[in-house]
Amino acid sequence: MAYPALALLEFNSIAAGIQAGDAMVKRAPIEQIQAGTVQPGHYLVLVTGDVASVEEAVAIGREVGQATLLDVVFLPDVHPGVVSGLAGGREPAEADALGVVETQSVAAAIRAADAGLKGAEVTLWQLRLADGLGGKGLALFAGLVANVEAAVEIGVGRVGEQLVRQVIIPQLHAEMRQNVAHSTRFGDHFDWRPA
């Protein structure tokens, strides 16, 4: 389902995150709220709905969360690929290149994904957030090399100091593609049974 607006607030306090999420849904008539813990002990509050309601919810979330707020993303015209990525959707990446934007926060990865998708003709292969990443975020773009380069550059421009690293890999090897497509978690790839 697509929404006109989406926002995510990332807190370093679970208690403050719950309090802020409660204030957000009480203040604004949002369509949906999704909230919960992620590693390493952070709390995420994601809201969707019309632009004015989401903007109002973000304002009260900022006010209530104050010093515990790590990062915020507010997308008044969220790209449908981001919504799919947040829901765990993965696009096949039989493409010329893979671009990776690694961020220190979940909100920054969402900002990078949205900006890259809007600014270049690429596919959001995966959007990985927090759990299994020590709280980091990953936006993986696939497409033609020039388009992936543009998406990564545009995405990086939206994350500021939250950037950990960016890479562009032309002609990703088939075995690496299979590993990344399956999961970016190391332990998910092993078949520990003897041959």
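Computed from the coordinates by the stated procedures, all read-outs in this text should not be read as laboratory data. These figures come from a predicted structure and were not determined experimentally. Ideal geometry is used to build each Cβ from the backbone, glycine not excepted, and the neighbour counts take in all protein chains shown.
A few points about this structure:
- Filtered residues of the stretch 55-112 (kept if closer than 22 Å to PRO29 by Cα, assigned to a loop (DSSP other than H, G, I, E, B) and in contact (Cβ under 8 Å) with a residue 60 or more places away in the chain): PRO76, ASP77, VAL78
- Residue identified as farther than 19 Å from LEU75 by Cβ and touching a Phe, Trp or Tyr at 6+ places or on another chain (Cβ under 6 Å) among ALA142, ALA181, ALA174: ALA142
- Filter result for GLU56 (more than 14 Å from the chain's Cα centre (by Cα), farther than 20 Å from GLY116 by Cα and surrounded by fewer than 16 Cβ atoms within 10 Å (Cβ to Cβ)): no
- Residue in the stretch 127-155 that is farthest from the chain's Cα centre (by Cα), counting only those that are assigned to a helix (DSSP H, G or I) and buried (at least 21 other Cβ atoms within 10 Å of the Cβ): ASN147
- Filter result (within 17 Å of ALA87 (Cα to Cα) and either in contact with a Pro (Cβ under 6 Å, 6 or more places away or on another chain) or free of Cβ contacts under 8 Å to residues at least 40 places away in the same chain (or both)) within the stretch 115-124: LEU117
- Sub-6 Å Cβ pairs linking a first residue in the stretch 132-159 that is in contact (Cβ under 8 Å) with a residue 40 or more places away in the chain to a second residue that is among the aromatic types (Phe, Trp, Tyr), at least 6 apart or interchain, are LEU140/TRP125; ALA142/TRP125; VAL148/PHE141; ALA151/PHE141, ordered by first then second residue.
- Note on the stretch 28-42: among residues that are surrounded by 17 or more Cβ atoms within 10 Å (Cβ to Cβ) and more than 16 Å from the chain's Cα centre (by Cα), the one that is farthest from LYS136 (Cα to Cα) is ALA28.
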